[in-house]
Amino acid sequence: MRRPRIKTPLPGPKAAALINRDEVVTSPSLPREYALVLDKALGCWITDPDGNDFLDFTSGIAVCNTGHCHPKVVAAAQAQLARLIHTCGADFYHEPMIRVAEKLGEIAPGEGSKRVFLANAGAEAVEAGFKLARHHTGRLGAIAFLGAFHGRTMGAVTLSASKSIQKGGFSPMVPGVFHLPYGHCYRCDFNLTYPKCGLACVDYIEEAVFETRLPPEEVAVIVVEPIQGEGGYIVPPPDYHRALKDLAEKYGILYLADEIQSGMGRTGKMFAIEHFQVEPDIMTVAKGIASGLPLSAMIAREEVMTWPRGAHGSTFGGNPVSCAAALATLDLIQDGLIENAARRGRQMKTWLTGLQGEYQVMGDVRGLGLMQAVEFVKDRETKERAPEIRNRIIEGCFEKGLCLLSCGRSTLRFCPPLIISHEEMEVGLEIFAEVLAQEAG
């Protein structure tokens with residue numbers, strides 16, 4: 001069984017030299033998690049310039065769902081590189097772009113025809129969906145949620161509400177966006193308990209917000225993550241999205257599901273919204289769609305995508321090489337990786353809930369498929385957050401060769417590639433358990 005191999009203090013001399021060079025030339029805004037320098041990667045494994053091997057439970061923030069450098073994705077990209085690298089998809093046509101749009105329209109939830117706009121990054125897809133919603137409805141307002149993350153461009157960061165640092169110094173934001181509590185049962189903003197609450201967080205929108213300060217006929221769109229990502233891998237109650245969608249339909253408001261982190265098979269279904277039996281009007285996808293090559297998409301019902309020629313476009317969106325990688329990625333995801341995500345997710349959940357019984361600092365264990373998380377607390381009764389424990393565990397796991405990421409204010413997320421094996425999962429969870437015992441035992 002392969003295990004991480006750490007041969008030098010971290011970072012090693014070659015990695016440290018690269019970090020030193022980076023720190024004088026790149027933007028200081030980049031939120032580096034820890035001193036990991038990637039030299040090469042394959043499958044679930046990363047090697048740094050000093051020859052240290054790490055087991056990757058991050059997938060490049062849920063991007064490399066097919067693992068690093070999957071040979072089928074590499075072959076598809078290489079073949080396309082030799083044939084056609086670029087033709088502006090806004091001005092001309094090429095078959096890989098058409099095939100990706102056809103495929104996404106086919107697999108997107110909901111009956112009826114879809115239209116697809118291809119871009120490069122998740123934020124661009126969100127911007128496109130936000131603009132489309134305003135254009136189609138003729139309305140200005142948007143509802144988003146506390147804890148949400150939709151990107152860092154102006155429209156996307158306005159919709160976001162996960163970290164104030166992301167907005168500091170950039171005002172004014174895009175007008176007309178209202179943030180409301182998400183369906184976060186572990187930390188209910190209304191101090192109620194599901195299901196006795198009757199989904200008070202949804203009722204609040206109509207009974208308080210629409211009644212007192214936000215006319216529903218002025219709201220174009222509800223923008224929501226099926227499972228909140230950066231906010232803490234928060235899974236809402238089973239009937240939450242159905243209730244929200246019903247509310248949207250009642251007032252002619254569009255429903256935009258942001259699947260940028262939760263989509264592409266990660267939760268054990270192609271899209272997380274499928275767990276809630278809801279069909280969005282607009283959906284955004286990125287990250288795992290092309291296994292690391294830049295590509296994103298905004299998918300909408302045909303009757304919603306009514307903007308005219310020239311209203312929106314992208315020079316690099318739908319790049320032929322990225323599209324070739326996406327087609328190979330989608331084939332792999334549909335050919336068993338969704339099912340593996342569900343199996344390995346159950347394996348992980350069993351491990352984590354077992355550890356939760358031993359360690360009081362594990363306040364909440366939550367997630368679906370390979371989108372799992374642990375929220376750390378100082379006290380289970382008060383639920384006082386313990387980010388310092390979370391941070392020590394992440395650093396301790398890194399030093400032992402396991403790559404993890406934070407999210408939320410005191411939450412640790414597990415998002416390994418969907419190709420991960422039973423044995424690799426065991427290795428990673430054993431390292432986590434070992435560090436947890438050292439830091440919280």
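The values are calculated or read from the model by the stated rules, or taken from the named source; none is laboratory data. Note that the structure is a prediction, hence the values are computed from the model and not measured. Using ideal geometry, Cβ is built from the backbone for each residue, glycine included, and neighbour counts are taken over all protein chains shown. Surface areas here come from the heavy atoms of the whole protein model, side chains and all, with no ligands, DNA or RNA. Shrake-Rupley method; radii C 1.70, N 1.55, O 1.52, S 1.80 Å.
At-a-glance table
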read-out: Spherically averaged projected area in nm², based on the convex hull that wraps the Cα atoms of region 118-273; value: 9.4
read-out: Convex hull volume per residue for the chain, taking Cα atoms only, in Å³; value: 149
read-out: Part-to-part distance (alpha-carbon centres) for region 221-297 and region 321-397, which is given in Å; value: 18
read-out: Residue-averaged 222 nm ellipticity for the chain, from DSSP H runs of 4+ at -39500 (n - 2.57), nearest 500; value: -10000 deg cm²/dmol
read-out: GNM top mover of 399, 375, 303 - the chain, alpha-carbon springs below 10 Å; value: 303
read-out: Charge-dipole axis of region 281-359 as Lys and Arg at +1 and Asp and Glu at -1 on Cβ define it, positive-most pick from 348, 314, 283; value: 348
read-out: Phi to ³J(HN,Hα) by Karplus 6.51 cos²θ - 1.76 cosθ + 1.60 over region 196-206, Hz, x for Gly, Pro; value: 4, 5, x, 6, 4, 5, 7, 4, 4, 4, 7
read-out: Dipole moment magnitude, nearest 20 debye, region 245-307 about Cα centre, only Lys, Arg, Asp, Glu C-beta charged; value: 260
read-out: Positive-end residue of 244, 221, 254, charge dipole of region 209-259 with Cβ unit charges; value: 244
read-out: Debye, to nearest 20: dipole size of region 208-329, +1 on Lys, Arg Cβ, -1 on Asp, Glu Cβ; value: 380
read-out: Å² per residue, accessible surface of the chain at 1.4 Å; value: 43
read-out: Protection-proxy order for peptides 214-226, 357-369, 28-40, 94-106, each taking the mean of Cβ atoms within 10 Å per residue, highest first; value: 214-226, 357-369, 94-106, 28-40
read-out: Among beta bridges that DSSP assigns inside the chain, antiparallel share in %, nearest 5; value: 70
read-out: Area projected by the alpha carbon convex hull of region 246-319, averaged over all directions, nm²; value: 6.0
read-out: Bins of 5 Å from zero: percent of alpha-carbon pairs in region 206-245; value: 6, 18, 21, 21, 19, 13, 2
read-out: Residue 163 accessible area, assembled protein chains, probe 1.4 Å, Å²; value: 90
read-out: Cross-link table 14/400; 7/40; 269/383; 287/400; 40/72; 72/349, entries beyond 20 Å C-alpha to C-alpha; value: 269/383; 287/400; 72/349
read-out: Residue (of 386, 421, 441) at the positive-pole extreme of region 366-441, dipole from beta-carbon charges; value: 386
read-out: Debye, to nearest 20: dipole size of the chain, +1 on Lys, Arg Cβ, -1 on Asp, Glu Cβ; value: 580
read-out: Kirkwood hydrodynamic radius of region 1-119, Cα pairs, Å; value: 18.0
read-out: Probe 1.4 Å - accessible area at residue 244, Å² to nearest ten; value: 0
read-out: Geometric extent, Cα atoms of region 295-389 - Rg, Dmax (angstrom); value: 21.1, 60
read-out: Cα gyration tensor of region 220-344 - equivalent ellipsoid semi-axes, whole Å, descending; value: 24, 22, 11
read-out: All aspartates and glutamates inside 15 Å of residue 196 as judged from Cα atoms, apart from same-chain residues fewer than 8 positions distant; value: 239
read-out: Loop sites in region 46-123: chymotrypsin sites (Phe, Trp or Tyr not before Pro), DSSP, at most 15 other Cβ within 10 Å; value: 92, 93
read-out: Mean shadow area of region 104-206, taken as a quarter of the surface of its Cα convex hull (nm²); value: 8.9
read-out: More than 20 Å apart - percent of Cα-Cα pairs taken over region 1-64; value: 32
